[in-house]
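Undergrad: There's a structure below that I have some questions on.
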Amino acid sequence: MTKKRSVTALDKAHSEPLSSKVFEAEIKKLHVELVKLQRWVVHKGLRVCIVFEGRDGAGKGGTIKALTERVNPRVFRVVALPAPTDREKSQMYLQRYVPHFPAAGEIVIFDRSWYNRAGVERVMGWCPEEQVEEFLQNAPLLEKTMVDSGIILLKYWLEVSPDEQERRLKARIEDGRKTWKLSEMDLKSYDRWDDYTKARDEMFKKTNTTWAPWYFAISEDKKRVRLNIIKHILSQIEYKNIKQKPIELPKRKIKYESSHHGKVRLVPEDLWNS
């Protein structure tokens with residue numbers, strides 16, 4: 001008799017991909033709401049920190065792009081830190097992230113965050129287990145301090161199945177526009193699925209607190225998860241629409257005719273088609 005496999009969150013995900021037509025209509029509405037949120041955050045001096053974590057190919061970058069493509073980058077600030085320098089390696093682990101926390105009127109989005117220590121660093125053996133355990137104890141304390149200081153902290157984990165991850169990583173290899181997304185680390189991490197799952201579960205166990213809970217988002221359908229996360233973010237931050245004065249372009253008179261355009265080097269209008 002075959003043992004019945006337990007049902008996971010991925011099994012419950014919608015099997016029918018969201019159409020581009022539906023996505024574009026819905027994302028347009030959400031972008032309008034994000035602009036309203038932006039005005040409210042600036043007006044009230046709110047501080048918002050959003051953390052995105054997940055496996056390679058889970059769609060973090062695309063979700064962040066969908067979240068930020070129609071708002072002011074000086075308000076919605078994306079932080080994607082490179083590998084630490086020798087100086088940063090000598091500091092307290094969490095120290096390099098603190099300067100990037102939001103000031104009044106800012107929404108800071110971490111494309112991977114301090115949770116690198118509980119994920120890739122742990123799985124790839126870049127730090128001893130004692131440092132991982134120390135981090136898992138300290139991260140909730142740091143986040144409690146953040147929340148107590150008034151920062152709105154939202155943490156999202158994007159989950160993708162092994163088959164969909166493989167499909168996306170292969171697409172990066174085959175598509176010249178995406179090869180930059182595939183790093184040597186992605187290849188080294190590829191066959192460590194179970195290790196990453198165990199590390200993720202331990203991370204959830206130790207850092208899923210009442211003051212900074214984890215939100216788990218199914219990412220099998222990129223369009224669907226982008227809409228879901230943006231709508232969820234909007235639901236987690238109370239905001240109001242600040243009415244603006246009607247905008248009208250003033251009348252203008254143009255009389256000056258430039259004599260310099262004939263001397264500069266012109267980019268041909270049909271160059272793309274040559």
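The values are calculated or read from the model by the stated rules, or taken from the named source; none is laboratory data. In this text the structure is predicted, and so the values were computed from the model without any measurement. Neighbour counts are summed over all protein chains in view; Cβ atoms, including those assigned to glycine, are modelled from backbone coordinates with ideal geometry. Ligands, DNA and RNA are stripped out before the accessible areas are found, and what is left, the full protein with its side chains, is counted by its heavy atoms. Shrake-Rupley method; radii C 1.70, N 1.55, O 1.52, S 1.80 Å.
Undergrad: What is the sum of charges, Lys and Arg at +1 and Asp and Glu at -1, for the other residues whose Cβ falls under 10 Å from the Cβ of residue 103?
TA: On the way: positive: 47, 77; negative: 106.
Once positives and negatives cancel, what remains is +1.
Undergrad: List the aspartates and glutamates whose alpha-carbon lies under 13 Å from that of residue 155, not counting same-chain residues fewer than 8 positions away?
TA: 53, 111, 143
Undergrad: Find the Rg to Rh ratio for region 205-255, where Rh is the Kirkwood radius over alpha-carbon pairs and Rg uses the same atoms.
TA: Reported Rg/Rh (Cα atoms, Kirkwood Rh): 1.34.
Undergrad: Does anyone have the angle between helix 20-44 and the longest principal axis of the chain? Alpha-carbon axes, 0 to 90°, nearest 10?
TA: 90
Undergrad: Please work out, to two decimal places, the log10 of the ratio I(q)/I(0) at q = 0.10, 0.12, 0.14, 0.19 Å⁻¹ from a Debye calculation in which every Cα of region 51-174 carries one identical scatterer.
TA: -0.37, -0.53, -0.72, -1.24
Undergrad: Would you list, by chain and number, the lysines whose Cα falls below 17 Å from the Cα of residue 245, excluding same-chain residues fewer than 8 positions away?
TA: 36
Undergrad: Something else about it: Scattering from the C-alpha atoms of region 166-274 alone, worked out with Debye: what is log10 I(q)/I(0) at q = 0.21, 0.23 1/Å?
TA: Here the Debye-derived log intensity ratios amount to -1.32, -1.35.
Undergrad: Seen from all sides and averaged, what is the projected area of the convex hull of the Cα atoms in region 85-137, in nm²?
TA: Details: hull surface 17.6 nm².
Its average projected convex-hull area is 4.4 nm².
Undergrad: Taking only protein heavy atoms and a 1.4 Å probe, what accessible area per residue, in Å², does the chain have with all protein chains in place? Intermediate values should be presented prior to the final figure.
TA: Values: 18270 Å² over 274 residues.
Using a 1.4 Å probe on heavy atoms only, each residue of the chain averages 67 Å².
Undergrad: Could you work out the relative contact order of region 111-258? I mean the mean sequence separation of Cα pairs under 8 Å and 6+ apart, divided by the number of residues, in percent.
TA: On the way: 93 pairs, mean separation 46.5, N = 148.
Once normalised by length, the contact order is 31 percent.
Undergrad: Just need the relative contact order of the chain here, percent rounded to a whole number, with Cα pairs under 8 Å and 6+ apart. Could you put the intermediate results ahead of the total?
TA: Details: 295 pairs, mean separation 79.4, N = 274.
Averaging sequence separation for qualifying contacts and normalising by length gives 29 percent for the chain.
Undergrad: Can you list the residues, at least 5 places off or on another chain, whose amide H is less than 5 Å from the amide H of residue 216, using H built in the peptide plane?
TA: 157
Undergrad: Further question: Ignoring ligands, DNA and RNA, what percent of the accessible area of region 13-160 is carbon or sulfur (1.4 Å)?
TA: Details: 3840 of 7180 Å².
In region 13-160, the share of accessible area belonging to carbon and sulfur is 53 percent.
Undergrad: In degrees, nearest 10, range 0 to 90: what is the angle between the Cα axis of helix 222-236 and the longest Cα principal axis of the chain?
TA: It is inclined by approximately 90 degrees.
Undergrad: If every alpha-carbon in region 111-213 counts as one equal scatterer, what log10 I(q)/I(0) does Debye give at q = 0.10, 0.14, 0.22, 0.24 1/Å?
TA: Each listed q maps to, in turn, -0.35, -0.65, -1.19, -1.31.
Undergrad: Measure nothing fancy, just the Cα-based angle from helix 129-148's long axis to the longest principal axis of the chain, in degrees from 0 to 90, nearest 10.
TA: Once rounded, the angle reads 50 degrees.
Undergrad: Rounded to a whole number of µm²/s, how large is the Stokes-Einstein D of the chain at 10 °C and 1.306 mPa s, given Rh as the Kirkwood radius over C-alpha pairs? Can you show the working numbers first?
TA: Values: Rh = 21.6 Å.
Rounded, D is 74 µm²/s.
Undergrad: Which value at 222 nm does the chain reach when only helices count, each DSSP H run of 4 or more adding -39,500 (n - 2.57), with the total divided by all residues and rounded to the nearest 500 deg cm²/dmol? Show your work: numbers first, answer last.
TA: Working: 9 runs with 111 residues, N = 274.
One gets -12500 deg cm²/dmol as the mean residue ellipticity at 222 nm.
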